[in-house]
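Structure record follows, encoded as C-alpha cells.
The values are calculated or read from the model by the stated rules, or taken from the named source; none is laboratory data. If you're wondering where the values come from, they're calculated on a predicted model, not measured in any experiment. Glycine also receives a Cβ, built like all others from the backbone with ideal geometry; neighbour counts cover every protein chain displayed.
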C-alpha cells in the first residue's frame, strides 16, 4: 500500500495510491482554501463509511445473506481539528431476519480496518443497523 500527495495549488493536494486512483483534498474557503475537495479529515470519515459498506458486503456474502440495498450514513463530531466521536447507521434492505443482519454488522465491526484504526485512536464509535 502506498500514497503520494502533491501540493498543486494553494492548499489543494492530489493524492494517488500508485494504482491510478487519485483524490483531491483542499481546505474550505473559511480556512483560506478553494474548497475543491474534501479535507483530509473529512476523507478519513468517508474512508470509514466506505470500509463499513465494503466489509459488510464481504461478511454478508460469507454468511450467505442477500442484500438488496445498503447505505451507511455517518457523522463525526470534531473538536480542535480532530474527530472525537463517530456515529453511524447501516441501512440495509434484505429478506433476512434482523438478528442475522445484526450479526453481520458485529462481524463487520471486528473486520473493518479503518474502524479498528479509529477505535485504537480513542475515537468513540457508535453504530446501529436499520432494516429498510
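Just a few scattered comments:
- The stretch 68-96: number of residues that are more than 21 Å from residue 116 (Cβ to Cβ) and touching a strand residue (DSSP E or B) at 6+ places or on another chain (Cβ under 6 Å): 6
- The set of residues in the stretch 55-107 that are touching a residue at least 24 places away in the same chain (Cβ under 8 Å) and part of a loop (DSSP other than H, G, I, E, B) comprises 63, 65, 66, 67, 68, 81, 82, 94, 95, 96.
- Inspection of the stretch 91-104 finds no residue satisfying the criterion of being at pLDDT 95 or above, closer than 21 Å to residue 23 by Cβ and buried (at least 19 other Cβ atoms within 10 Å of the Cβ).
- Boolean, residue 126 is assigned to a strand (DSSP E or B) and either over 30 Å from residue 11 (Cα atoms) or not assigned by TED's automatic domain parsing to the domain that holds residue 14 (or both): yes
- Among the residues of the stretch 59-77, the ones that are within 24 Å of residue 120 (Cβ to Cβ) and either touching a helix residue (DSSP H, G or I) at 6+ places or on another chain (Cβ under 6 Å) or surrounded by 15 or more Cβ atoms within 10 Å (Cβ to Cβ) (or both) come to 4 in all.
- Residue 52 being surrounded by 13 or more Cβ atoms within 10 Å (Cβ to Cβ), in contact (Cβ under 8 Å) with a residue 40 or more places away in the chain, in contact with a strand residue (DSSP E or B) (Cβ under 6 Å, 6 or more places away or on another chain) and under 17 Å from residue 106 (Cα atoms): yes
- Any hit, the stretch 80-89, residues being closer than 18 Å to residue 60 by Cβ and either within 16 Å of the chain's Cα centre (by Cα) or modelled with pLDDT of 95 or more (or both): yes
- Members of the stretch 19-39 that are free of Cβ contacts under 8 Å to residues at least 24 places away in the same chain and either assigned to a strand (DSSP E or B) or under 13 Å from residue 7 (Cβ atoms) (or both): 22, 23, 24, 25, 26, 27, 33, 38
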